[in-house]
Amino acid sequence: MRSIGIKSVDVMGSIGSGKTALIVRMATMMREHGLRVGAIAGDVSGEDDYTIFKQSGIVSVNVNTGKECHLDAHLIEHAIEDMDLDRLDFLFIENVGNLVCPADFPLGTDHRMVVISPTEGDDMINKHPQIFLEAEIAVLNKIDLLPYLDASVDRLIADYSRVRKRSKLHLTSAKTGEGTEELLKALGVDL
Ligand SMILES: Nc1nc2c(ncn2[C@@H]2O[C@H](COP(=O)(O)OP(=O)(O)OP(=O)(O)O)[C@@H](O)[C@H]2O)c(=O)[nH]1
Ligand SMILES: [Mg+2]
Ligand SMILES: [Zn+2]
């Protein structure tokens, strides 16, 4: 993908943490700035995320993994056969939601990002350090919900800086848009 001048990110993270919502939010911002954005929707089954991407006007391909709980480079190779990559500037690849095996299967993307949210509790980083080691970008999404939850952001930040020294946990809300411009900067997209 790099060889044809298209930037890409593998979006990993827990189930329901807001991977699709973040991609839609960021892709919309990018498109408003004239960038051409595509997305691959990786799910065990169904077309839910694919349909959301399509409805948001994002060039999209659906990949169902069947019994597998992660995408792999071979699946992506086939998925991009169906995409006109020459017409894209940036490709989001939404991985299957889980914090375990996607970490072990790099897809050849420029960036790897992992998304969690405070509704899963504040022990996700401590329980799944490996994926936070593999991904160079980590996101705590749904921060608009923090006032209603007991999850401690301080604990998540402390756990993250222990796992990945000198890296910063990005705080976002796909709902309000907070933190998404900065997250795009981390992905090399300066709007
Ligand atoms: N309040 C709030 N809700 C959010 C936010 N991001 C996503 N949601 C909601 O959380 C639910 C799950 O969001 P998705 O974007 O589908 O999550 P996902 O990580 O793609 O889920 P899977 O693909 O099923 O693993 C949806 O109802 C979203 O509207 C956010 O920042 N704040
Ligand atoms: Mg999704
Ligand atoms: Zn798996």
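The values are calculated or read from the model by the stated rules, or taken from the named source; none is laboratory data. Treat the numbers as computed from the prediction; the structure is a model and nothing was measured. Every residue, glycine among them, receives a Cβ derived from its backbone with ideal geometry; neighbour counts consider all protein chains shown.
Among the residues making up region 69-113, those that are assigned to a helix (DSSP H, G or I), out of contact with any helix residue (DSSP H, G or I) (no Cβ under 8 Å at 6 or more places or on another chain) and hydrophobic (A, V, I, L, M, F, W, C) are ALA73, LEU75, ILE76, ALA79, ILE80, CYS101.
How many residues, within region 1-42, are at positive phi and surrounded by 21 or more Cβ atoms within 10 Å (Cβ to Cβ)? Going through region 1-42 one residue at a time, the tally reaches 2. Scanning region 41-48 for any residue that is assigned to a helix (DSSP H, G or I), away from ligand 3 (no atom under 16 Å from the Cβ), over 21 Å from GLY108 (Cα atoms) and within 17 Å of the chain's Cα centre (by Cα) turns up at least one such residue.
In region 67-84, the residues that are within 16 Å of VAL9 (Cβ to Cβ) reach residues that are part of a helix (DSSP H, G or I) and at pLDDT 95 or above with C-beta atoms within less than 6 angstrom, at least six apart or across chains, in these pairs: HIS70/CYS101; HIS70/PRO102. Residue pairs whose Cβ atoms lie under 9 Å apart, sitting 6 or more positions apart in sequence or on different chains, and linking a residue in region 44-58 that is touching a residue at least 40 places away in the same chain (Cβ under 8 Å) and more than 12 Å from PHE92 (Cβ to Cβ) to a partner that is among the basic types (Lys, Arg) and away from ligand 2 (no atom under 11 Å from the Cβ), are VAL44/LYS67. Comparison of LYS175, LYS185, LYS142 shows that the only residue that is at pLDDT 95 or above, under 20 Å from the mean Cα position of the chain (by Cα) and more than 18 Å from SER17 (Cα to Cα) is LYS185. Restricting region 20-35 to residues that are of a type in the set (Gly, Ala, Ser) and closer than 18 Å to ALA186 by Cβ, which is nearest to ligand 3 (Cβ to nearest atom)? Among residues in region 20-35 that are of a type in the set (Gly, Ala, Ser) and closer than 18 Å to ALA186 by Cβ, the one nearest to ligand 3 (Cβ to nearest atom) is ALA21. The number of residues in region 1-24 that are closer than 14 Å to PHE90 by Cα and within 12 Å of ligand 1 (Cβ to nearest atom) comes to 3. Just name the residue that is surrounded by the fewest Cβ atoms within 10 Å (Cβ to Cβ) out of those in region 136-191 that are in contact with a Phe, Trp or Tyr (Cβ under 7 Å, 6 or more places away or on another chain) and closer than 19 Å to GLY121 by Cα. Ranking the qualifying residues of region 136-191, first place goes to VAL163.
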